[in-house]
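This report concerns only the one structure given below.
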Amino acid sequence: MINYFSNNFKIGMKFIFLNQPYIIENSEFVKPGKGQSFVRIKMRNLITEKLIDKTFKSTYNLNNADILEKKLKYLYNEKNNFYYFMYKSNFEQIMISNKVIKNKKKWLIPQYDYIITFWNQLPIFLTLPNFIKLKVINTDFVLKGDAIINNKQATISNGELIKVPSFIKIGDLIKIDIRRKKYVSRSKL
């Protein structure tokens, strides 16, 4: 088992803390004028997704977590309880429960690749891609030359409402930034 010393903590590092897997999302090394140096980090629990602020002395160490991230293709879901993904290398399918997917299910699109995090060979976390392409299923019609409306509401195929430019029509495929739930660009198939 590899130990990580706190003065070497880096963003993205995965480790075990209080028998739970965590990932470092922010790390700041502080060397005060007097006293011992320390590291201030923001770490996310990979099971509960809770973000925690924690401070460690520079001599503290943490154990490496047996965590693997694998890119899998989403296939389908079964009664919103189980979601099926496939390894592209050998076409083996795995089933992931709703407890892991949580509120991310509206962003699951068949044939899209998603990163699944495994801890001790069990799936524990789903990472969504930053951008996704979806179809506009409903939006208002804007007359040409109507300069008052620059943005309008649109309903996309997963049911989300987002603001889009006035030239977007029903049936258009658009690229969306999932993190901000914002329109990025019009897209082609």
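The values are calculated or read from the model by the stated rules, or taken from the named source; none is laboratory data. Since this is a predicted model, take the numbers as computed values, not measurements. Glycine also receives a Cβ, built like all others from the backbone with ideal geometry; neighbour counts cover every protein chain displayed.
Things to note:
- Among (1) surrounded by 18 or more Cβ atoms within 10 Å (Cβ to Cβ); (2) more than 30 Å from residue 92 (Cα to Cα) - the single one residue 10 does not satisfy: (1)
- Filtering the stretch 158-174 to residues that are closer than 12 Å to residue 134 by Cα and surrounded by 14 or more Cβ atoms within 10 Å (Cβ to Cβ) leaves 158, 160, 162, 172, 173, 174.
- Positions within the stretch 152-189 being under 19 Å from the mean Cα position of the chain (by Cα), over 15 Å from residue 139 (Cβ atoms), of a type in the set (D, E, K, R) and assigned to a loop (DSSP other than H, G, I, E, B), in sequence order: 179, 180, 181
- Note on the stretch 46-102: residues that are hydroxyl-bearing (Ser, Thr, Tyr) and within 30 Å of residue 31 (Cβ to Cβ) total 4.
- Residue within the stretch 142-155 that is under 24 Å from residue 77 (Cβ atoms) and without any contact (Cβ under 8 Å) to a residue 40 or more places away in the chain present: yes
- Some residue of the stretch 24-37 being under 16 Å from residue 117 (Cα atoms), surrounded by 11 or more Cβ atoms within 10 Å (Cβ to Cβ) and at pLDDT 85 or above: yes
- Any hit, the stretch 133-143, residues being under 28 Å from residue 13 (Cα atoms) and surrounded by 12 or more Cβ atoms within 10 Å (Cβ to Cβ): no
- In the set 29, 15, only one residue is in contact with a helix residue (DSSP H, G or I) (Cβ under 8 Å, 6 or more places away or on another chain) and either of a type in the set (A, V, I, L, M) or part of a strand (DSSP E or B) (or both); that residue is 29.
- Some residue of the stretch 88-95 being aromatic (Phe, Trp, Tyr) and at pLDDT 85 or above: yes
- Restricting 103, 98 to residues that are out of contact with any helix residue (DSSP H, G or I) (no Cβ under 9 Å at 6 or more places or on another chain), polar (S, T, N, Q) and not assigned by TED's automatic domain parsing to the domain that holds residue 21 narrows the list to 103.
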